[in-house]
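The values are calculated or read from the model by the stated rules, or taken from the named source; none is laboratory data. Nothing here was measured: the structure is a model prediction, and the numbers come from that model. As a convention, Cβ positions derive from the backbone with ideal geometry for all residues, glycine included, and neighbour counts pool all protein chains shown. Each accessible area value is taken on the protein alone, full model and side chains, heavy atoms only, with ligands, DNA and RNA left out. Shrake-Rupley method; radii C 1.70, N 1.55, O 1.52, S 1.80 Å.
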Amino acid sequence: MRSIYRRQFALMAGMILVSFLLLGTAFIALSYQYIIQDRRGGLERNADNIATYTRQILLTGRNVDDSLYQAYVNSVAEIADAYVIVCDPEGVIAYSVDGTTTMTAEFSRSILNRKLPAAVVQQLVETGEYNGMTSLGDIFPDQRYVSGVPVTVSTLSGEQISGMVLVAAQTANVTELWRAFITIFFFTSIVVMCIAFVATSVTSLSQTKPLKEMAEAARKFGMGEFDTRVEVGPRKDEVGELAEAFNNMADALAKAEARRSEFVANISHELKTPMTTIAGFSDGILDGTIPPERETEALQTISNETRRLSRLVRRMLDLSRLQATENVTAQEQFDISELLVRVLLSLETKITGRGLDVETHLPDGAVKVWGDPDGITQVCYNLLDNAIKFAREGSVITLSITTKGPRAYISVRNEGETISPEELPLLFDRFHKSDKSRSVDREGVGLGLYIVKTILNNHRESITVKSENGVTEFTFTLLLA
């Protein structure tokens, strides 16, 4: 399996190489054309200058053997670093000089009276110029770039060709500067590519290192090491954000694992207590430890603990169903006032049994809200049931509904023991039962308020609790229809 580092490095290196290849090709082509054109223009200008001077010499009655003429041509040849050939109208070489010092004087004399190739002469006569790579019919021992122009003289019949001037430059001289440019370009390219490869390698490693650390941390998570974290460092880029998000996820997983462990411990405790009681009284009846006159009392205890165990299992199933539902699947409009009164009536026996009074502050008309009526019924039932259990005998339970903005606020208040501020945030935890309530709520399993919180979370609603001076009040919200 290829790593991200290798893939990214190969991609960046390939892009750099292709970029330099395209840039180099374009640079080489353009620079070569520029240098050739520049050299060609120089040869053409020198040929034109010599042809103009030759025309002036011929018009004064002198010829190419004139010493001043030859001195001028020699100077131009040396300055242009080129070989100059002067021919008659038929293309026969009348004078030549080497300004490059690559040919001997004997060579210059040896090519006198030699004739230019007919194709070169014809092109000069027909087009008035010649440019190209040629050895001029083996006059030169190698290929040279040659630029030529005719020498014309005005007569009564028009322009007449009275000679030809050709300026030749060696290929090495033409491409020497171009080669120097190419050498510098390739040297610079190699240095830049090396720097780019090193920078790419360092960048790729810095990007993949946190990913490897996260992969290693994930493997440790799988083996139960939930205290592992990824070192974020000073990075503030996307990789740093990913590492920070990974650490946040790790914190959430660690908390979830802690809650799971706590849940297992709590459920084990809640299941163990009734099962131990049932087993103890059953064994006592079977082995005769419990006398016959107390068997009915023992069987009643077994029945009560069995029902308690059944309630616990049912609550656990309800809780599992609620937690498996991320969103409320069926919401509808209903009257929360009517629903609250209906729940209140269903608990009338318990209210009467504890000698409680009920005070309601409900709007005159219907209060339509959105939600799952069955779920909200469960919320109201659990809150009222709790209020009845922990209310002081003979006190008052107060129910109220108010509206503010887009929401309705439903409150259930009772009078009893004050809940400490430290314990208030724990009321909605699973299996939480305060020390003061354990002696009162022997039938509860510590899941009622947790189920309330879960149902309201599924509705995207909130619930708050406050307790002071012996008055405890739960308030939850619902969206108005």
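Here are a few things to note about the model shown:
- Matching entry among Thr398, Thr418, Thr377 (being closer than 23 Å to Ser462 by Cβ and assigned to a strand (DSSP E or B)): Thr398
- Scanning the stretch 48-81 for residues that are open to solvent by less than 70 Å² (accessible area, probe 1.4 Å) and of a type in the set (Lys, Arg) turns up just one, Arg55.
- Counting only residues that are in contact with a Pro (Cβ under 8 Å, 6 or more places away or on another chain) and either part of a strand (DSSP E or B) or among the polar types (S, T, N, Q) (or both), the stretch 334-349 holds 2 of them.
- Positions within the stretch 350-373 being on the phi > 0 side of the Ramachandran plot and either more than 52 Å from the chain's Cα centre (by Cα) or in a loop (DSSP other than H, G, I, E, B) (or both), in sequence order: Gly355
- Any chance Ala29 is without any contact (Cβ under 8 Å) to a residue 12 or more places away in the chain, part of a helix (DSSP H, G or I) and of a type in the set (Gly, Ala, Ser): yes
- The stretch 104-132 - residue that is part of a loop (DSSP other than H, G, I, E, B) and open to solvent by less than 40 Å² (accessible area, probe 1.4 Å) and, of those, nearest to Pro150 (Cα to Cα): Gly128
- Boolean, Ala387 is within 16 Å of Gly448 (Cα to Cα), surrounded by 17 or more Cβ atoms within 10 Å (Cβ to Cβ) and at pLDDT 90 or above: yes
- Among residues of the stretch 331-349, those that are open to solvent by 60 Å² or more (accessible area, probe 1.4 Å) and under 47 Å from the mean Cα position of the chain (by Cα), counted: 3
- If you go through the stretch 401-430 and keep only what is farther than 21 Å from Leu479 by Cα, hydrophobic (A, V, I, L, M, F, W, C) and open to solvent by less than 50 Å² (accessible area, probe 1.4 Å), you end up with Ile419, Leu424, Leu427, Phe428.
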